[in-house]
1. Among the listed residues 88, 73, which satisfies the condition of being assigned to a strand (DSSP E or B) and farther than 30 Å from residue 168 by Cβ?
2. Just need a number here: residues in segment 355-367 that are touching a residue at least 60 places away in the same chain (Cβ under 8 Å) and not in a strand (DSSP E or B).
3. Tell me, which residue of segment 405-417 that is buried (at least 20 other Cβ atoms within 10 Å of the Cβ) and in a loop (DSSP other than H, G, I, E, B) is nearest to the chain's Cα centre (by Cα)?
4. Which residue is surrounded by the fewest Cβ atoms within 10 Å (Cβ to Cβ), if the candidates are limited to segment 389-404 and must be out of contact with any Asp or Glu (no Cβ under 8 Å at 6 or more places or on another chain) and under 23 Å from residue 100 (Cα atoms)?
5. Name the pairs whose Cβ atoms lie under 7 Å apart, with the first residue in segment 51-80 and surrounded by fewer than 17 Cβ atoms within 10 Å (Cβ to Cβ), the second among the β-branched types (Val, Ile, Thr) and modelled with pLDDT of 95 or more, and 6 or more positions between them or separate chains?
6. I need every pair where a residue in segment 252-279 that is more than 18 Å from residue 189 (Cβ to Cβ) and among the basic types (Lys, Arg) has its Cβ under 9 Å from the Cβ of a residue that is in a helix (DSSP H, G or I) and at pLDDT below 95, sequence separation at least 6 or different chains.
7. Filter segment 432-446 down to the residues that are buried (at least 19 other Cβ atoms within 10 Å of the Cβ) and under 33 Å from the mean Cα position of the chain (by Cα) and list them by number.
8. Out of segment 470-501, which residues are modelled with pLDDT of 65 or more and outside any strand (DSSP E or B)?
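The values are calculated or read from the model by the stated rules, or taken from the named source; none is laboratory data. Treat the numbers as computed from the prediction; the structure is a model and nothing was measured. With ideal geometry, Cβ positions are generated from the backbone for all residues, glycine too; neighbour counts draw on all protein chains shown.
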Amino acid sequence: MKRGAICTLWITVLLTGFPLQAQESLLMKALRDEMGRTMERLQLEDMDKPYYVAYWVRESEGRGSTAILGGLLGRGRGTGSRFLSVELRVGDHDLDNTNFMDFGRLRSRVFRDGFPVSLPLRDDYKELRRQIWLATDGAYKKAVHSLAKKRATLQNKTRVEIIPDFSREEPVEYRDESRLAPLPDEARLEAVVQELSALFKEMPHIFDSRVSAGVNSGKVYFVNSEGSSYVRNFSSASIQALASTQAEGGTQLEDFVVARGRQWEDLPDQAELEARIRATAERLGRLREAGFVERYSGPVLFEGQAAAELVNQILAPRLLALRTPIADNPMFGRFGSSPENPFLEKLGSRVLPRFLSVVDDPTAGMHGEAPLLGGYEVDDEGVRSRRTTIVQRGILKTLLATRTPVSGVSNSTGNRRNTGPSPSNLFLMPRNGLKPEEIRQELLNLVEERGLNFGIVVRRVGSPEMTLSRDRDFFFAMPGEEGRPKLKPVSEAYKIFPDGREELIRKAVLLGLSASSFREIVAATDVLTSHHTTLRLRMNLPFSSPGFMGPPSVVSLVVPSLLFEDLALRRPPGNIPRPPLLAHPVSAPRVR
């Protein structure tokens, strides 16, 4: 570097306190330039101009492999993709084109408008501008059409409560300076899934199995008309093994092993994964021989993973500020939207016992020595992340919100992930928690008080995303459906007797469990378990908040074991399929 250039650099640092910023990418320049033209000139005659525009561009590359019994079932290599999402609003913050369900869009090709569009991978400024222009033009025409229909619909309604459609937030600029780790090559992924899936050859009692591995990484570029922008890296890696079998009477049993990390090197080594798979298969083998609980009503203790999935599937969806949109067709509105979240009416009310609080903290990176995977610096709308106390000593203080206000929550908490609000790192924190042995004794004390022969300890609960069932009977958590069972059948539970003896239960389902049941928790441990999963909601797409769409976001939960005073379990109802007539081919004698 020449002497004059060095002097200029040091003068800049001394005056500003910061080094020179890296030159903005050609992609960001194209986004900003087209946005400026949109805000200045885009308008149909006698129609509203855009008052807000946001662009997301997601660049990603991924690899994945799946194997069964040591044989490769499929491979996938994303050579790279670049998708643009546009959010364009006309009207104003109080009333705009969003939060509206247009039944007519279902009967026209307009239904497909608003979804991400592919951009060229090469940084050709003119072609990028052309594609952004076309996507923006389509988003604007859809927006003015929706606003006109929304205004017409509201003329026939009496608005009891007027809530703004969009909140005002402080602009944020952020650039992720971290480096993305290189993706492992396909051969490495294929070898891992083949070797892990080959373990099931030794397990003829497992009727169906599958092992998958996937890695993904890339960047998200964001810019909006209010001055916010960010460039954010993302990466994820996972390995999952699914196994299913049937008991002699036909009862279907499933379990899974899943490991997640931000990059491939974060995942457990192969020896640990093999041990987990063998333990899962051994547990399924014992379940085939276990007995049922016909009916049970009494205290139930959820430990470890079971407590985390309980929170994920039942409580966490109630902590989100989801808004029911206005519908131009009342019948379609009832069937096409998510039911109202009952927690919207419980702000300031007790939803948990006094000794429990709930905090969402996307700024947290670790829990003890365990990494947390749900964190970020800015959310998908460009709102700065921050710690949010949702429930304080049992009282519901707020809900996790995006820039779409709901009654009682007028501003974003920085929790927009993909198309709506989502937790990041969710902590359920007890005061004066019990030791694990103390909470087990408290369970036995309740059993004695009720005059029961045994209590129930649940150690594993199924996840809606981990199943080999052909009917794929996912139990999506949907706000407002109080009293309906949301959990997959309990996959590992035990009767616990007064002398401490445990007896495995083959399969059971929880009855009548809802978010209201969490008020009946009588104790929690001081030992917290971290668990990584995804929260799947029934969204009002494509009628919810427009814009960025990506894969489900990982949520990290940190929760104690939870003791409920009174829950009901029973043997799964209904008819069950008969087991196969012939033995598993792996266990059958070879024909010479």
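1. 73
2. Residues of segment 355-367 touching a residue at least 60 places away in the same chain (Cβ under 8 Å): 355-362, 364, 367.
If we keep only those that are not in a strand (DSSP E or B) too, we end up with 355, 361-362, 364.
Total meeting the criteria: 4.
3. Taking segment 405-417 as the starting set, the residues that turn out to be buried (at least 20 other Cβ atoms within 10 Å of the Cβ) are 405-406, 409, 412-417.
Remaining after also requiring in a loop (DSSP other than H, G, I, E, B): 405, 412-415.
Details: 405: 21, 412: 18, 413: 17, 414: 15, 415: 12 Å.
Here the residue is 415.
4. First pass over segment 389-404, keeping only residues out of contact with any Asp or Glu (no Cβ under 8 Å at 6 or more places or on another chain): 389, 391-399, 401.
Within this subset, residues satisfying the condition of being under 23 Å from residue 100 (Cα atoms) are 399, 401.
On the way: 399: 23, 401: 26.
Residue satisfying both the conditions and the ranking: 399.
5. The qualifying pairs are 51/90; 73/66; 74/66.
6. Taking only residues 6 or more apart or on different chains, the pairs are 278/202.
7. 433, 434, 439, 440, 443
8. Going residue by residue through segment 470-501, those that are modelled with pLDDT of 65 or more are 489-501.
Once the filter is applied, which keeps residues that are modelled with pLDDT of 65 or more and outside any strand (DSSP E or B), segment 470-501 yields 489, 497, 498, 499, 500, 501.
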